[in-house]
Amino acid sequence: MKTTILAFTAGLFVFSAFGAEEAPITSVTVFRDRASVTRKVRRSFPKGAVTVEFPGITPNADLDSLKATLSEKKRFTVMGIRSRPEYALKSSNSELEKWTETRKRKERVRQELATQVNLLIQSDRNLDLLAQHYRDSFSLNLHENKFTKGGFESFVKFLSTESDGLNGRWAKLYGEYRAVAAEIELADAKIAELSSVSDRHTLTVSVDLLAEEPGTADVEVQYLVSGAGWSPAYDVRIDPRANRGVVEQHAFVWQKSGEDWRNVSLVLSNVRSELRPVPPSISPYTLTYQEVKKVNTSIAGKEDSATALTVGTGDGNDAGPDRAIAKNFEVPGKQTVPDGMARTRLFLAKKESTYRERLELVAAEYDRVFRKGDLVNPFEWDLEGGPAAIYYEGDFLQQVNLDSVARGNVFGVNAGVDHDFQVSRYTNDKVEKPGILDTKKHFLREVVLSVKNYGAKKKTVRVFEQVPISEIKEVAVSTKEKERAPASLKEDDAHPGWRYWDLGLDSRHSQTISLNIDVAVPESFQFTW
């Protein structure tokens, strides 16, 4: 610690400056798009005007957000806060010269290696020409017996030895060349970094205090930095036998602020406000009637049409499900988040939830029975959308994207395929032409679906099948089940156009469903399934 004392002749007014010691980062609050960093030092002050310096602060700090606080406010008063850049020119130049010289030296080595490689390539070509020459000589003079067997074997051995030697030297030179190229690449990166003076400076923040009397106090400096944020992640552990699940909330934290956060108290906030938030404006709230042209629905699909009632307030901000109630998560223990975009995963909380499972089959899309489960958000805060790893009976099952879930609300998860079932589905289509009494064409489809339970206990499966919806009075859709159907067909109110059966299947038993769908259209209409 360096202390400078200036005494004025007018009295006992004393000015002291405390600096040169870098104040550590003690706590960080990470928002979704930025972070609030706190540095703290403890100092003993004489009476009078005092300046405490905080060197080594990242140049990415938002200077408009600088704030200083004191643990002892009765005897000390903050008079002002200032900042100035510090450029490490001397060390930068010496390092730059060092890396430049290294770059030149390694470049000379690379040129020497390139020369050796060229000589090696020439030797390989000469050896190839020699082999071609003697091969032609052997072919031309083979009938004259001018070459003995021993001479031939000796020459082949010579070619093999020389070739192996060339390959060995080539492999060695290639390894050396790659190593030198990597060193040159590193030197180039260092030279580029050191050549930019603006990237080599830091900030020194000075806090001016007035001490009414000598004493000791903690001085804190807070500032905002961009290039930081976090996102939620979840682990959902399902125990179907106990009808319960455990929801674990984690967080991926990243930052590129220009300084490392080491052994800090970390708080994660889901507040999304900007660095400089714009205050809300008060404007009239009016209703505007907007008429939407009615469009006839095509037979092959459903297309909603209606008259819209809209709010004519311009661009208002709606607090949708992704705008959760503000919540701060205090991460236990001291944490370290290094500078750079690598993400750090941290545990936040976990809690048990009820779990209810059902089996569903949509054979028209996928001939497998899926386990669908419902859990309740057990926390006292909203869950924002993020990746969720699903574990079923202790085994990792899959990773899905979890949508936003309000506290206390139910959310569904896909718990994978139940492999105890075998499913088969096929359709028979035919067309009946118009008759004398019935002038419409009938497009008939028979859906036959069979489900077998190979499991050791009885299970109930909800089987879905899609039926076309007609919004044109000329088109009529009707369905008919096979007599003595194993279960009654019901309409799904949550999914228009879908019907379902609840099949109860004993162990080692199967059931078959047959559904006839009749689409009657005028003769001039066209229809395809």
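The values are calculated or read from the model by the stated rules, or taken from the named source; none is laboratory data. All values reported here derive from a predicted model rather than from experimental measurement. Cβ placement follows ideal geometry from the backbone for every residue including glycine, while neighbour counts extend to all protein chains displayed.
Restricting to the stretch 355-379, give me the number of residues that are under 28 Å from the mean Cα position of the chain (by Cα), assigned to a strand (DSSP E or B) and not acidic (Asp, Glu).
Qualifying residue count for the region: 7.
Of all residues being closer than 30 Å to Arg508 by Cα and among the hydroxyl-bearing types (Ser, Thr, Tyr) in the stretch 374-420, which is surrounded by the most Cβ atoms within 10 Å (Cβ to Cβ)? Just the residue, please.
Going through the qualifying residues, I end up with Tyr392.
Applying the selection to the stretch 210-244, what residues are over 30 Å from Asp395 (Cβ atoms) and surrounded by 16 or more Cβ atoms within 10 Å (Cβ to Cβ)?
Listed by number, the residues that qualify are Ala211, Ala217, Val219, Glu220, Val221, Gln222, Tyr223, Leu224, Val225, Gly227, Ala228, Gly229.
Out of Ser507, Ser514, which single residue is of a type in the set (Ser, Thr, Tyr) and part of a loop (DSSP other than H, G, I, E, B)?
Among Ser507, Ser514, only Ser507 is of a type in the set (Ser, Thr, Tyr) and part of a loop (DSSP other than H, G, I, E, B).
Across the stretch 176-209, which residue is surrounded by the fewest Cβ atoms within 10 Å (Cβ to Cβ) among those that are small (Gly, Ala, Ser), assigned to a helix (DSSP H, G or I) and modelled with pLDDT of 85 or more?
Selected residue: Ala182.
Out of Lys47, Lys74, I need the residue that is in contact with an Asp or Glu (Cβ under 7 Å, 6 or more places away or on another chain), more than 30 Å from Pro338 (Cβ to Cβ) and basic (Lys, Arg). Which one?
That would be Lys47, the only listed residue that is in contact with an Asp or Glu (Cβ under 7 Å, 6 or more places away or on another chain), more than 30 Å from Pro338 (Cβ to Cβ) and basic (Lys, Arg).
For Leu375, indicate whether it is in contact (Cβ under 8 Å) with a residue 60 or more places away in the chain and under 30 Å from Val448 (Cα atoms).
It is false that Leu375 is in contact (Cβ under 8 Å) with a residue 60 or more places away in the chain and under 30 Å from Val448 (Cα atoms).
Within the stretch 68-86, can you find the residues that are within 16 Å of Ala211 (Cβ to Cβ), of a type in the set (Ser, Thr, Tyr) and assigned to a strand (DSSP E or B)?
Thr69, Thr77, listed by residue number.
Which ones in the stretch 56-83 are among the basic types (Lys, Arg) and either buried (at least 16 other Cβ atoms within 10 Å of the Cβ) or modelled with pLDDT of 90 or more (or both)?
Hits for the stretch 56-83 are Lys67, Arg75, Arg82.
Right, Val423: in a strand (DSSP E or B) and surrounded by 18 or more Cβ atoms within 10 Å (Cβ to Cβ) or not?
No, not satisfied.
For the stretch 428-442, does any single residue satisfy the condition of being under 28 Å from Arg358 (Cβ atoms), in a strand (DSSP E or B) and in contact (Cβ under 8 Å) with a residue 12 or more places away in the chain?
No, the stretch 428-442 has no match at all.
Name the residues in the stretch 355-378 that are within 22 Å of Ile513 (Cβ to Cβ) and basic (Lys, Arg), would you?
Arg358, Arg368, Arg371, Lys372
For Ala114, which of the numbered conditions (1) small (Gly, Ala, Ser); (2) modelled with pLDDT of 85 or more; (3) surrounded by 14 or more Cβ atoms within 10 Å (Cβ to Cβ) fails to hold?
(3)
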